[in-house]
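Visitor: Structure incoming, see below.
The values are calculated or read from the model by the stated rules, or taken from the named source; none is laboratory data. If you're wondering where the values come from, they're calculated on a predicted model, not measured in any experiment. Here the Cβ is made from the backbone with ideal geometry for all residues, glycine too, and neighbour counts use every protein chain on show.
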Amino acid sequence: MKDTKNKIACITGAASGIGQAMAHRFITQGMQVIGVDINQDALQATKQASKHPDNFHPFTVDIANEDAVNQFANEVKIQFGVVDMLCNNAGIGAHKGRIWDISSENWHQVFNVNFWGITNMIRAFVPMMLNENKKRYIINTCSGVALGTQWGQSPYVSSKSAVLSLSELLFHELKKDESAIQVSVLVPTFVQTRDYLTVKGDLPNEDDVLQANDVVDIMLEGIENQRFYIFTHPKGLAKRVQVKMESMINRTDPVFSEHLYYKEK
Ligand SMILES: NC(=O)c1ccc[n+]([C@@H]2O[C@H](COP(=O)([O-])OP(=O)(O)OC[C@H]3O[C@@H](n4cnc5c(N)ncnc54)[C@H](O)[C@@H]3O)[C@@H](O)[C@H]2O)c1
């Protein structure tokens, strides 16, 4: 994205991990960052840790709550105008276990944040972003788990698969309407954040682990090159896609996506 000075970015999950790294980077690039999170204290800490705290505007919002998101979007419009960049990054992990053993409460909780959170944000912000047909950006954060077949955290994997489809649909709809909005789906895996720490025990290959800042580099490079699919681990994730597609084309059983496919080096 060229000419970032005073452009407005809205980032969900801005108080930790990848979202926080995005916020800090965008601020160093001269942007005004609207940081959304459910964790008010962590938002304040993120503001204080910023190089230019005045350019970080914290909003405590639960993105799973449609009314709260709509109210927030109206406030943003009044205070800042239309956002130039919308990063739908917030997401939560799920309990482990068989589909039927995981509580329905956890199923709903994960879908409410990971799927409905992004849907609520898109529904609240895209109509405003369509105005004037200016170049604007939407980046939805998915996960590498959506590209393969994996078991153990079924609410998480299913919700991220929905995010992938939703993002592809958003791309097509905006293209059909000849909108200038550029859509990307960020597909991370193995990033050293709070989320990552919860699955750390499962990781076979520590060399593949990235820092949140690396993800921001990869994301910005992808946006610059007008890429829709932005993969943090292109080789390993492409292998996942290939294996999945081959089993669909050949109509064989789904193949379990082993961590082996992530080896980048
Ligand atoms: N870290 C990884 O290895 C990894 C891998 C694949 C995908 N991802 C995805 O990347 C995104 C960021 O992950 P992270 O590792 O930085 O996680 P993180 O836990 O460090 O940060 C997520 C932030 O989202 C906020 N949040 C949670 N629920 C919210 C809600 N209802 N409303 C508003 N904010 C809410 C949290 O308070 C937290 O600050 C997530 O969507 C995650 O699924 C991460």
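Visitor: Of all the residues that make up segment 87-136, how many are in contact with a Cys (Cβ under 9 Å, 6 or more places away or on another chain) and either free of Cβ contacts under 8 Å to residues at least 12 places away in the same chain or more than 14 Å from the ligand (Cβ to nearest atom) (or both)?
Guide: Within segment 87-136, residues that are in contact with a Cys (Cβ under 9 Å, 6 or more places away or on another chain) and either free of Cβ contacts under 8 Å to residues at least 12 places away in the same chain or more than 14 Å from the ligand (Cβ to nearest atom) (or both) number 1.
Visitor: Here is a follow-up. Cβ-Cβ distance below 9 Å, separation of 6 or more or different chains: which pairs start in segment 36-52 with a residue that is over 19 Å from L86 (Cα atoms) and acidic (D, E) and end on one that is modelled with pLDDT of 95 or more and crowded, with 19+ Cβ neighbours inside 10 Å?
Guide: From residues that are over 19 Å from L86 (Cα atoms) and acidic (D, E), the pairs are D41/A15.
Visitor: What single numbered condition from (1) at pLDDT 95 or above; (2) surrounded by 15 or more Cβ atoms within 10 Å (Cβ to Cβ); (3) more than 30 Å from Q150 (Cα to Cα) fails to hold for F80?
Guide: Every condition holds for F80 apart from (2).
Visitor: Hey, could you check segment 240-261 for residues that are of a type in the set (D, E, K, R) and under 14 Å from Q150 (Cα atoms) and say which is modelled with the lowest pLDDT?
Guide: The extreme case among them is E258.
Visitor: Out of N106, N120, I need the residue that is surrounded by fewer than 21 Cβ atoms within 10 Å (Cβ to Cβ), at pLDDT 95 or above and not in a strand (DSSP E or B). Which one?
Guide: None of the other options fit; the residue is N106.
Visitor: Among the residues of segment 71-97 satisfying the criterion of being touching a Lys or Arg at 6+ places or on another chain (Cβ under 8 Å) and outside any strand (DSSP E or B), which is farthest from V33 (Cα to Cα)?
Guide: G91
Visitor: Moving on. Could we say that E168 is modelled with pLDDT of 95 or more, under 17 Å from the mean Cα position of the chain (by Cα), away from the ligand (no atom under 16 Å from the Cβ) and surrounded by fewer than 13 Cβ atoms within 10 Å (Cβ to Cβ) here?
Guide: no
Visitor: Further question on the same structure: I'd like the residue in segment 30-42 that is within 18 Å of the chain's Cα centre (by Cα) and within 15 Å of A9 (Cβ to Cβ) and, out of all such residues, is farthest from the ligand (Cβ to nearest atom).
Guide: Looking at the filtered set, the residue picked out is V33.
Visitor: Can you name the residue in segment 1-16 that is crowded, with 23+ Cβ neighbours inside 10 Å and closer than 21 Å to S184 by Cα and, of all such residues, is nearest to the ligand (Cβ to nearest atom)?
Guide: Going through the qualifying residues, I end up with G13.
Visitor: Within segment 147-177, which residues are in contact (Cβ under 8 Å) with a residue 40 or more places away in the chain and either touching a Cys at 6+ places or on another chain (Cβ under 6 Å) or part of a loop (DSSP other than H, G, I, E, B) (or both)?
Guide: G148, T149, Q150, W151, G152, K160, V163, D177 - these are the residues of segment 147-177 that are in contact (Cβ under 8 Å) with a residue 40 or more places away in the chain and either touching a Cys at 6+ places or on another chain (Cβ under 6 Å) or part of a loop (DSSP other than H, G, I, E, B) (or both).
Visitor: Identify all residues within segment 58-78 that are more than 11 Å from the ligand (Cβ to nearest atom) and in contact (Cβ under 8 Å) with a residue 12 or more places away in the chain; write none if there are none.
Guide: Once the filter is applied, which keeps residues that are more than 11 Å from the ligand (Cβ to nearest atom) and in contact (Cβ under 8 Å) with a residue 12 or more places away in the chain, segment 58-78 yields P58, E66, N70, A73, E75, V76, K77.
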